[in-house]
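In what follows, a structure is listed as structure tokens, so that the remarks can point back to it.
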Amino acid sequence: MLGAVVNIFKIPDLRKKLLFTFALLFVVYRIGFHIPIPGFNEEAVYASANQGDTGGLGRILDQLQMLSGGSLRKTSLFGLGIMPYITASIILMLLGEVIPSLQKLKEEGATGYKKIQEYTRYLTVGVCVIQALAIMKLLGNYAYPGMQTQALIFGIVGMTAGTVFLMWVGEQIDEYGIGNGISLLIMAGIVARMPIAIREVASQATLSIGNTEKSYGPEKILFLVGAFVFVVAGAILITQAQRRIPVQQAKQMRGRRMYGGQRHYLPLRVNHGGVMPIIFASSLMMFPPILTRSLKNIWPTSPIVINIDEAFSPTSFTYNLLYVIMIFLFAYFWTTVQFQPKEMAKRLRDTGSFIPGLRPGHRTAEYLETVMTRITYYGAAFLAFIAVVPSVVALYLNVSWNVTQFLGGTGLLIVVSVSLDLVQRIEANLIMRNYEGFSESGRIKGAYA
């Protein structure tokens, strides 16, 4: 593997792409996080977000940051991150399944793709305004006295401009760098918070054995390291896991020669929805704590409101049970939208291929749909397990959320998927120029292979 890393810098084109990508990610991208939005008391926001209230402002901002790769604890210009662009892309992707004009654009190839990208940029600006307005309302109590209106305007304009700039940075990485620019921006924002978690564990480490609050003994540190390795290995395994359906190509006589008859496989991903189900579920599950917190501010002594607030706390059983149910629902929903068994069966029939023992057409489509339904259950179960691990560890081991968020959840899956994709792209460039890849036993399969 060390030889492969050395070979990367022997290829001028690949070396330039990597240096360009890292320059945009770790220089230009990170500078924006240190530019605050005018009109807000940055120290007050940061102090409230770090006061340790898992059901308060800090947990809400952490969830938003994990999904967007942005930074809201310091009310920076890049606070929204790239999340509005992702939201706009998902909206157009879903509308493309029901609006005929968008379906035609998708069938036009590169020309239609450019047009859809143009629509996505316009929609991103609108989503930015809505999300920035919601965030500014959430942080409205931290504006300087007499500057509520000005701070609201500065926040909307500043965050919208920051997201549009990040969208441009992602496109530059796509064109001149290596990897998916948007995904790399999200991963960079997540990885940038890992040194903070490591520093927190190191500062509170102790040699005394015991589950003491706000301290990390040897057994707790070993458990965190082992859990991190285990969860990362599981995330890689489920990301690459496939159910291979055997496909036989029909034999054809052309003149005196026999063509076809080859046997190959149709790979169906176990986690077909990728990280999207957990992103959808996380986005919706941010609203119950916000709603219960607002009700508690209105009726602070009401027993009913207090019970509801406790039930929808991020560490409660009710909250996590609802979270798991949402992940399963969105996993099947996303698979239904993305996986088209009838179209796949038609494509197999048109190319002269068939699944042994099944008639081409309707029977093949039913079989593919049945198989995908069964394996989606296991993919959704793993996503649900990954999603609740941080809350369980934080609750029973008295570990800070800043640390447990790297033991699972959306952020870990994003980092694993994007890292696999980046390694696959680098390895493809090495093999194309007659160099060995990272592994001697064979090529590394990326998240989208």
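The values are calculated or read from the model by the stated rules, or taken from the named source; none is laboratory data. Given the structure is predicted, the values throughout are model-derived calculations rather than measurements. Quick reminder, even Gly has a Cβ in these numbers, built from the backbone with ideal geometry, and neighbours come from all protein chains shown. Just so you know, the surface numbers come from the protein's heavy atoms only, side chains and all, with ligands and any DNA or RNA stripped out. Shrake-Rupley method; radii C 1.70, N 1.55, O 1.52, S 1.80 Å.
Cα centroid distance between segment 304-379 and segment 169-244, in Å? Between the Cα centre of segment 304-379 and that of segment 169-244, the gap is 27 Å. Expressed as a fraction of 2.2 N^0.38 Å, the rule-of-thumb size for a compact globular protein of N residues, what is the C-alpha radius of gyration of segment 91-228? Working it through for segment 91-228, the quotient is 1.57. Partners of K220 within straight-line reach, counting aspartates and glutamates whose Cα lies under 15 Å from its Cα and excluding those fewer than 8 residues away in the same chain: E200.
Compared with the dominant principal axis of the Cα atoms in the chain, helix 362-396 is inclined by about 30°.
Ordering I298, L24, S419 by the projection of their Cα atoms onto the charge dipole of the chain, which places +1 on the Cβ of Lys and Arg and -1 on the Cβ of Asp and Glu, puts S419 at the extreme positive end.
Computing Rg and the Kirkwood Rh from the Cα coordinates of segment 173-246 gives a ratio, Rg/Rh, of 1.16. Computed about its Cα centre, the charge dipole of the chain is approximately 1840 debye, with only Lys, Arg, Asp and Glu carrying charge at their Cβ. Rounded to the nearest 20, the Cβ-based charge dipole of segment 69-183 about its Cα centre (Lys and Arg +1, Asp and Glu -1) stands at 360 debye.
Ranked from largest to smallest solvent-accessible area, with a 1.4 Å probe on the protein heavy atoms, W401, W168 come out as W168, W401.
Given a 1.4 Å probe and the protein chains as shown, H34 ends up with an accessible area of around 130 Å².
Kirkwood analysis of the Cα pair distances in the chain returns a hydrodynamic radius of 24.5 Å. Among F333, P360, T376, whose Cα projects farthest towards the positive end of the dipole of segment 327-379, with charges put on the beta-carbon of Lys, Arg (+1) and Asp, Glu (-1)? So the residue we want is P360. Here's how it looks for S353: its modeled amide H is under 5 Å from those of A250, which are all 5 or more places away or on a different chain.
Adding -39500 (n - 2.57) for every DSSP H run of four residues or longer, then dividing by how many residues the chain holds, sets the calculated 222 nm ellipticity at -21000 deg cm²/dmol. Across the protein chains, with a 1.4 Å probe defining accessible surface, the residues D421, D350, D309, D13 rank D350, D13, D309, D421 from largest area downward. Measure up K10/K106; K16/K104; K104/K346; K106/K346; K106/K137; K10/K114 against 28 Å on the Cα-Cα distance and list the ones that go over. Flagged as over cut-off: K10/K106; K16/K104; K106/K137; K10/K114. Each Cα pair of segment 270-341 feeds into the Kirkwood radius, which the Stokes-Einstein equation turns, at 10 °C and 1.306 mPa s, into a diffusion coefficient of 117 µm²/s. Computed with a 1.4 Å probe on the full set of protein chains, the accessible area for K17 sits at about 60 Å². Surface composition of segment 72-134: carbon plus sulfur atoms contribute 68% of the solvent-accessible area (1.4 Å probe, protein chains only, all chains present). 3J(HN,Hα) along segment 286-302: 6, 6, x, x, 5, 5, 5, 5, 5, 5, 5, 5, 7, 10, x, 9, 6 Hz, from the Karplus curve 6.51 cos²θ - 1.76 cosθ + 1.60 with θ = phi - 60°, whole Hz, x for Gly and Pro. In terms of accessible area, using a 1.4 Å probe and ignoring ligands and nucleic acids, K220, K115 rank largest first as K115, K220. The percentage of C-alpha pairs in segment 140-202 whose separation is greater than 13 Å is 73%. Think of the chain as a dipole: +1 on every Lys or Arg Cβ, -1 on every Asp or Glu Cβ, centred on the Cα centre; then among N429, F312, Q204, N429 lies furthest on the positive end.
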